[in-house]
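The values are calculated or read from the model by the stated rules, or taken from the named source; none is laboratory data. Only a predicted model underlies this, so the values are computations on that prediction, with no experimental measurement involved. Note: ideal-geometry Cβ built from the backbone for every residue, glycine included; neighbour counts use all protein chains shown. Only protein heavy atoms, including side chains, enter the accessible area calculation; ligands, DNA and RNA are left aside. Shrake-Rupley method; radii C 1.70, N 1.55, O 1.52, S 1.80 Å.
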Amino acid sequence: MMPDERSRSAITMKESPPAIFALFGNPVGHSLSPLMHNAAYKKMGINASYCSCCVERPHEAIEKIKKRSIRGASVTIPFKTAVIPYLDEVQDSARTIGAVNTILHDDKGRLRGYNTDWIGIVLGLEESLKIQDKTFAILGAGGAARAVVFGILQKGGTPLILNRTTTRGEEMALEFGCPFHHLSEIEAIRADCLINTTPVGMAPEEGKSPIATEALTNFRWVMDCIYNPLKTRLLQDAEGAGCTTISGVGMFVHQGAEQIKIWTGKEPPRDFMRQVVLERLGAQDGD
Ligand code: NAP
C-alpha cells in the first residue's frame, strides 16, 4: 500500500461525537502516548479523545475497537505481531517487519494494519545524520529491531545485527540479508552508528547499559530507542566517550505523528508534540 493511499483512506473527522482513539497493550500505564496524542488533537482543533487500554489477549483489543467504534488504535508490547491475523488488510511494510503498531478502522468497518515505527526511526535518526551509505550496529532482534533494520535498508544504510540469543538474531539477519554477531562480540564491531533496541536502560533495568563503555569509542553516533528515561545509562556513557547521542524521543514523536496522519489525514504539530513529551520527561527526571 502506498503512502498516498493512506491519506485517500483517511477518515473524515466529524464535529460530534468525539472520535475515539486508543492504545492497546500490556502494560500500558507507563506510556506517554495518551498525553502526546490528546495534546496534538487539542492543538489541531480535532474533537477526539485517546485513552490507554490494558488487555490480556489481542482479540480483546479487536472486539473493543469494533464494539466501541474506535477509529484508530495504537498497538504495543506484546501484541504487535499477535494482532496481525485479526486484521482485514496489512500494509506491505508492516507485513515485512512482522509487526503492526497502528490500526485504522475505516468507514467500511474494515481494520487496516500499518507500522509507523520504521518511519519514526528514520525521521528520528535523520534529524542527526543521513542514513544513506552509513553503517549501523543494531543491538537486539525483537520487534523494534526489525522496524529499525527495515527503515535503514529503505534509506540505503547498511545494518548489522547483534543479539543475546544467537538463533533469533541469525534468523532475523538471514531474513533481512545482513550480518549477525553475538552481543558478546560488540568490542570487535565498528560502525558509524550504534542503535539500542533492547529494553536494557528502562524500568526495571534503569541505570544499566546493554554494553560496556569501552566498546562505545567504535561509534560516532549512539542512539537509544528508549525515550523514558530521556538519558539512559548507554547515552550517558556514550556522551562520556565523545559520541553524538540521539534519544528515542524523536522516534516516539514521529511514529505517533504518522499514526495521526493515517487516522485523520492531517499533518500533526510535531514540534509541539515533542515539547509536550520533553516537558513531561523533564518533570519526571526532577522528581
Ligand atoms: P522485544 O520484541 O521484546 O525485543 C527485545 C530484544 O532485546 C530482544 O532481541 C532481546 O534479546 C533483547 N534483550 C532483552 N533483554 C536483554 C538483556 N538483558 N540483554 C541483552 N539483550 C536483551 O521488544 P521490542 O518491541 O523490540 O522493544 C524494545 C525496546 O524498544 C523497548 O525498550 C521499547 O520501549 C523500545 N521502543 C521504542 C519506540 C519509540 O518510539 N521510541 C518504539 C518501539 C519500541 P533476546 O532475543 O536474546 O531475548
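Numerical summary
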read-out: Test for LEU183: is it more than 13 Å from the ligand (Cβ to nearest atom), more than 27 Å from SER31 (Cα to Cα) and not aromatic (Phe, Trp, Tyr); value: no
read-out: Single match in THR116, THR165, THR135 (criterion: within 11 Å of the ligand (Cβ to nearest atom), surrounded by fewer than 21 Cβ atoms within 10 Å (Cβ to Cβ), of a type in the set (Ser, Thr, Tyr) and in contact (Cβ under 8 Å) with a residue 12 or more places away in the chain); value: THR165
read-out: Residue that is nearest to the chain's Cα centre (by Cα), among those in the stretch 209-229 that are within 9 Å of the ligand (Cβ to nearest atom) and under 26 Å from GLU279 (Cβ atoms); value: CYS225
read-out: Hits in the stretch 21-53 - residues which are among the hydrophobic types (A, V, I, L, M, F, W, C) and either over 18 Å from MET251 (Cβ atoms) or open to solvent by 20 Å² or more (accessible area, probe 1.4 Å) (or both); value: PHE21, ALA22, PHE24, VAL28, LEU35, ALA39, MET44, ILE46, ALA48, CYS51, CYS53
read-out: In the stretch 138-162, the residues that are in a helix (DSSP H, G or I) and within 14 Å of the ligand (Cβ to nearest atom); value: GLY143, ALA144, ALA145, ARG146, ALA147, VAL148, VAL149, PHE150, GLY151
read-out: Residues being open to solvent by less than 20 Å² (accessible area, probe 1.4 Å) and more than 20 Å from LEU216 (Cβ to Cβ) - total across the stretch 151-162; value: 1
read-out: Enumeration of residues in the stretch 254-287 that are of a type in the set (A, V, I, L, M, F, W, C), farther than 18 Å from SER49 by Cα and open to solvent by less than 30 Å² (accessible area, probe 1.4 Å); value: LEU281
read-out: Any hit, the stretch 193-203, residues being touching a helix residue (DSSP H, G or I) at 6+ places or on another chain (Cβ under 8 Å) and away from the ligand (no atom under 12 Å from the Cβ); value: yes
read-out: From LYS261, LYS266, residue being within 23 Å of GLN154 (Cβ to Cβ), of a type in the set (Lys, Arg) and more than 13 Å from the ligand (Cβ to nearest atom); value: LYS261
